[in-house]
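Contents: one structure, followed by commentary.
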Amino acid sequence: MSDADSTQTTNKTATHGSSWNLPNAITFSRLILSFVVFALIDFTDWWITTTAIFVIAVSTDFLDGYFARKWNQITVVGRIMDPFVDKVIVGGTLIFLIPHPDSGICPWLTFIVIGREMFITGLRSVLEGHGVDFSAKWSGKVKMIVQSITIPLAILSLSPEFLGWLGGYDVSFIQVRNLFLYATVGITLYSGAEYTWRGFLLMKQQNITTSSEDDSASGQES
């Protein structure tokens, strides 16, 4: 769920070329892999395979944005689907892990992650609708990185085979996983608060600017 990719193109005009290009194909492949991950979690116990597919899917998030900017293939479809798919794979995986308590994923963590994304997405759409730049900050980038590490750790903690390979280090692995779970909650709340504060400041500034422009227009008319 990357704020960087969803906002780096805010001030760029989407091209009018074909939406069927490599960057968008990568994005749609990530969406397909998301549903593969959901199915594996729900119907199988292939936790190592599930982890590998999740990591591959999340890794493609860098590729589609990179190729779109490099080849000037930024499209309206890409701008809509890229952040949407990011939220689907992170939020969806957390939802499907809730019935597996040994993963460490609980409803509260899932609610915090999804709630933050929904609110910030709405706030961003309002600001961008007024032509206000709402670029990503470091907290949004760190959030995505932490979430992308936490979820594979949570999935792997369900695998008896993987924990068996760790031998006596399995307890340490669970402790590291729990640390990342807490880190996910912390950075999600912090980034949400930071974006919200900055967003409302920008909204206030926009209102002041609008009022000033209205006053100027009234003065010219008089």
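The values are calculated or read from the model by the stated rules, or taken from the named source; none is laboratory data. Note that the coordinates shown come from a computational prediction; the quantities given were computed from them, not determined experimentally. Neighbour counts run over all protein chains shown; Cβ positions are idealised from the backbone, glycine included.
Miscellaneous remarks
- Residue within region 99-108 that is charged (D, E, K, R) and over 19 Å from Tyr182 (Cα atoms) present: no
- Here Ile53 fits the description: within 17 Å of Thr93 (Cβ to Cβ) and either surrounded by fewer than 20 Cβ atoms within 10 Å (Cβ to Cβ) or at pLDDT below 95 (or both).
- Options Asp133, Asp102, Asp64: the member that is outside any helix (DSSP H, G or I), among the acidic types (Asp, Glu) and over 13 Å from the mean Cα position of the chain (by Cα): Asp133
- Listed by first and then second residue, the pairs linking a residue in region 176-202 that is under 28 Å from Glu128 (Cβ atoms) to a residue that is among the aliphatic types (A, V, I, L, M) and not in a helix (DSSP H, G or I), with Cβ atoms under 6 Å apart and 6 or more places separating them unless they lie on different chains, are Leu202/Val132.
- Selected residue (only one of Thr75, Thr93 is hydroxyl-bearing (Ser, Thr, Tyr), buried (at least 17 other Cβ atoms within 10 Å of the Cβ) and within 21 Å of Leu181 (Cβ to Cβ)): Thr93
- Of the residues Arg124, Arg177, the single one that is at pLDDT below 95, part of a helix (DSSP H, G or I) and among the basic types (Lys, Arg) is Arg124.
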